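Reading through the structure tokens given below for one structure.
The values are calculated or read from the model by the stated rules, or taken from the named source; none is laboratory data. None of these values were measured; they are calculated from a predicted model. Neighbour counts run over all protein chains shown; Cβ positions are idealised from the backbone, glycine included. Please note that ligands, DNA and RNA were not included when accessible areas were found on the heavy atoms of the full protein model with its side chains. Shrake-Rupley method; radii C 1.70, N 1.55, O 1.52, S 1.80 Å.
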Amino acid sequence: MATESPATRRIQVAEHPRLLKLKEMFNSKFGSIPKFYVRAPGRVNLIGEHVDYCGYSVLPMAVEQDLLIAVEPVKTYTLQLANTNPLYPDFSTSATNIQIDKTKPLWHNYFLCGLKGIQEHFGLSNLTGMNCLVDGNIPPSSGLSSSSALVCCAGLVTLTVLGMNLSKVELAEICAKSERYIGTEGGGMDQSISFLAEEGTAKLIEFSPLRATNVNLPSGAVFVIANSCVEMNKAATSHFNIRVMECRLAAKLLAKYKSLQWDKVLQLEEVQAKLGISLEEMLLVTEDALHPEPYSPEEICTCLGITLEELRTQILSPNTQDVLIFKLYQRAKHVYSEAARVLQFKKICEEAPENTVQLLGELMNQSHMSCRDMYECSCPELDQLVDICRKFGAEGSRLTGAGWGGCTVSIVPADKLISFLANVHKAYYQRSDGSLAPEKQSLFATKPGGGALVFLEA
């Protein structure tokens, strides 16, 4: 239940090889043993890309890959972070003065986001120190939410050290808000599924208020994740925040066109809600109100009756103030059509017609086309990987996560899975030029996993 706190489980660490290894590494690093462990899963979004920050529902599931943190509270006010992966350097700071550098999305800053979110929620000036060792097997910058898993893990670590309680929903909302300390203007999908996931079911996640509904996936199909091996870090690039801003500007222009109080509107969903019309009708309003040619900042100012200075200081985020063109029509068309596809996907899963897998596949294919052409968040490698997946038996395939790299997700009939995996591996990963590093290659079938947990040694 969403109103419950994340579960705490007593376990025999010796029976869990990964936890045992983490415990041993912790001991050699800090000279002591962890008091508890926290896990938070990665996620794959099945459909509903770039719509959460516009106010619309998404349909993700947690994956089995996750992030583990071994924790020992200490009497000093020092926070010491280490990672089992040598690519991520150790970090130490005073727990009484948490500073997050937005200019560099370094790994430890995501931990600091989760910690600071809990600290600010309870209005605490001083936090106890702790030693933490992080171990993750979610491929980084792959669109499977490794960074949000770290924020959520850190939030739950901090809450546990403080001995406080929050519900899964409260934790998800705090962590979604606190990830913005790193400069990413995201929605709340990643943090919500990290806490609200349940084994065996995907979730329809709705916002304002945050709630999650089980969506039972068809038994005759498997969802397969394939990494394009192109890395994309949302906080390190401006693509993501420009899209957030284009959606915000589109919402304001649509609201103005319909004589609504546009200056208070931030999300495309608000325009639909205020007009009380369907998503299909919103697509028609978009056709009437916006033109396909890109908008300049000057034209946006003319449409809204504001000055360039007002646009820059009151509407645009600091990292989008120098953008010269905004594609408002294309972004709004994607969001309204994608929001409708999410609801159709859920409806098909509920009604379970004989051709469920084919129908879901068609929606996933439409989603990829819209992401590629209207939202422009794909890349040549993702498009190639999607084509290969469809060629070798996927009923549908699409990019998942923010895009511009990362992973695809495909729906594959269960009886085609073995040949599908072999053929995709050969066609995409075993290139004659050997250009893809083996450690980045990942192609795997996945099933819905559970949410964030605290482990105590029995």
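Hey, what's the range 191-256 come to in accessible area per residue, 1.4 Å probe, Å²?
Accessible area per residue: 32 Å².
Given LYS252/LYS327; LYS177/LYS258; LYS75/LYS102; LYS35/LYS75, which pairs have Cα atoms separated by over 20 Å?
LYS177/LYS258; LYS75/LYS102, as the Cα separations exceed 20 Å there.
So if a site counts as exposed when it's one of the trypsin sites (Lys or Arg not before Pro), its DSSP state isn't H, G, I, E or B, and it has at most 16 other Cβ atoms within 10 Å, what's the longest stretch of the chain without one?
Here the longest segment lacking exposed loop sites spans 259-430.
Suppose all protein chains stay in the model; what accessible area per residue would a 1.4 Å probe give for the range 313-354, in Å²?
49
Using unit Cβ charges (K, R positive; D, E negative) and no other charged atoms, how large, in debye to the nearest 20, is the dipole of the chain about its Cα centre? Don't jump to the answer; show the numbers that get you there.
Working: 42 positive and 50 negative charges, 194 e Å.
Using Cβ point charges on Lys, Arg, Asp and Glu, the chain gives about 940 debye.
Where in the chain lies the longest segment free of GluC sites (Glu not before Pro) that are both loop residues by DSSP (not H, G, I, E, B) and have at most 15 other Cβ atoms within 10 Å?
5-198
Between ALA427 and MET369, what is the FRET efficiency for a Förster distance of 25 Å, r being their Cβ-Cβ separation, to the nearest 0.05?
With a Förster radius of 25 Å, E is 0.75.
Set Lys and Arg Cβ to +1 and Asp and Glu Cβ to -1, take the dipole of the range 285-337 about its Cα centre, and tell me which of PRO294, HIS334, LEU308 lies farthest positive.
HIS334
Counting only protein heavy atoms and using a 1.4 Å probe, what share of the accessible area of the chain belongs to carbon plus sulfur, as a whole percent?
Roughly 50 percent, rounded to a whole number.
Measuring from a point 7 Å past the Cα of LYS102 along Cα-to-C-beta, which residues in the range 42-83 have an amide N at less than 19 Å?
Under cut-off, by backbone N: 53.
Taking the Cα of ASN216, stepping 7 Å toward and past its beta carbon, and measuring to each backbone N in the range 172-203: which are under 19 Å?
Output list for this probe position: 197-203.
Ordering ILE277, ILE388, ILE225 by how much accessible area each has at a 1.4 Å probe, largest first, what is the list?
ILE277, ILE388, ILE225
What's the extension gain from ASP90 to PHE122 if we count 0.36 nm per residue and subtract their Cα-Cα distance?
Working it through step by step, the gained length comes to 8.8 nm.
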